[in-house]
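Contents: one structure, followed by commentary.
The values are calculated or read from the model by the stated rules, or taken from the named source; none is laboratory data. Computed from a predicted model, the values in this text were never measured in an experiment. Because the Cβ atoms are built from the backbone with ideal geometry, glycine has one as well, and the counts that use them run over all protein chains shown.
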Ligand code: PMP
């Protein structure tokens, strides 16, 4: 969670406008039907220069999501990339959470979104650690949600579409109300899917497991980075269907995501995972990940786009 502190500018439909002027009308289709596609991207403080993490992959996913949702952005991927860079620069933020949002504005009422115009904004805000700074070291307490993930014939889970996030919101609220930090969804076949806003990994006997795309997960950018990083470090990584009980039997479980980065999980449904604190594999991956994103280690996977 991050509180929104206004910045100077928001990029809106091709130009930077002052924060207070970036508004939409209450008749906008998106308000009524959740008709939007979005991204969440981090810019890290890389030795004093903001550096955007996996910008190409995020912009590609934005366009992929729009394609599924029959939405024409009206800008090229290169233009959106430049707009992200320009917005971070204009707001002079040392680190940022970048939120590109493509939505249906005001035009018509009714389920068909196509008569309403497509609008694009890019907002940048400051963001610290998503599950809290302690969670990065101590681990989060999570539950398996009573809300499941729908199948791919209901919602295209690997597209990041606004309306689909009602499911994540239900999961997150239920978890917080019941005293947990986060929830894990089960897919329609009974396998582990993901968190409300994170992908999930587990470690058992030194090997790493993560649910496949077919378990109704978002195709996480951090997930792919962690798979690449883990393999590079010599770990075997399986993309495999994970039965619920495997969660409790794991030596380590952790979340990945733009906001969550790599966050260990110390308990699930009040069952202690491993030693009940961050495990050695999680710690090793975090060390490399934070080393690269802070600029202390070389960017050997080409993750970063410096904003100069
Ligand atoms: N799953 C869901 C449902 C998410 O919202 C997110 C955050 N975008 C993720 C997984 C993690 O994806 P990424 O690493 O690309 O941020």
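Quick look at the values:
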{"item": "Condition met for residue 93 (away from the ligand (no atom under 16 Å from the Cβ), closer than 29 Å to residue 294 by Cβ, within 22 Å of the chain's Cα centre (by Cα) and not assigned by TED's automatic domain parsing to the domain that holds residue 156)", "result": "yes"}
{"item": "Subset of segment 103-145 [part of a strand (DSSP E or B) and out of contact with any helix residue (DSSP H, G or I) (no Cβ under 6 Å at 6 or more places or on another chain)]", "result": "118, 119, 120, 121, 123, 125, 140, 141, 142, 144"}
{"item": "Filter result for residue 217 (within 15 Å of the ligand (Cβ to nearest atom), closer than 30 Å to residue 297 by Cβ and touching a strand residue (DSSP E or B) at 6+ places or on another chain (Cβ under 7 Å))", "result": "yes"}
{"item": "Any hit, segment 263-270, residues being part of a strand (DSSP E or B) and free of Cβ contacts under 8 Å to residues at least 40 places away in the same chain", "result": "no"}
{"item": "Residue match in segment 160-168 (condition: assigned to a loop (DSSP other than H, G, I, E, B), closer than 17 Å to residue 65 by Cα, at pLDDT 95 or above and within 15 Å of the ligand (Cβ to nearest atom))", "result": "yes"}
{"item": "Filter result for the condition that a residue is assigned by TED's automatic domain parsing to the domain that holds residue 153 and within 12 Å of the ligand (Cβ to nearest atom), over 236, 272, 258, 282", "result": "258"}
{"item": "Residue selected from segment 278-297 under the condition out of contact with any strand residue (DSSP E or B) (no Cβ under 6 Å at 6 or more places or on another chain) and not in a helix (DSSP H, G or I), by the criterion surrounded by the fewest Cβ atoms within 10 Å (Cβ to Cβ)", "result": "296"}
{"item": "Selection within segment 298-308 - part of a loop (DSSP other than H, G, I, E, B) and surrounded by 20 or more Cβ atoms within 10 Å (Cβ to Cβ)", "result": "303"}
{"item": "Residue tally, condition surrounded by 13 or more Cβ atoms within 10 Å (Cβ to Cβ) and without any contact (Cβ under 8 Å) to a residue 12 or more places away in the chain, over segment 168-184", "result": "2"}
{"item": "Residues of segment 31-55 satisfying the condition of being outside any strand (DSSP E or B) and touching a residue at least 60 places away in the same chain (Cβ under 8 Å)", "result": "32, 33, 34, 35, 39, 40, 47, 54, 55"}
{"item": "Residue within segment 179-201 that is within 30 Å of residue 232 (Cβ to Cβ), modelled with pLDDT of 95 or more, over 19 Å from the mean Cα position of the chain (by Cα) and part of a strand (DSSP E or B) present", "result": "yes"}
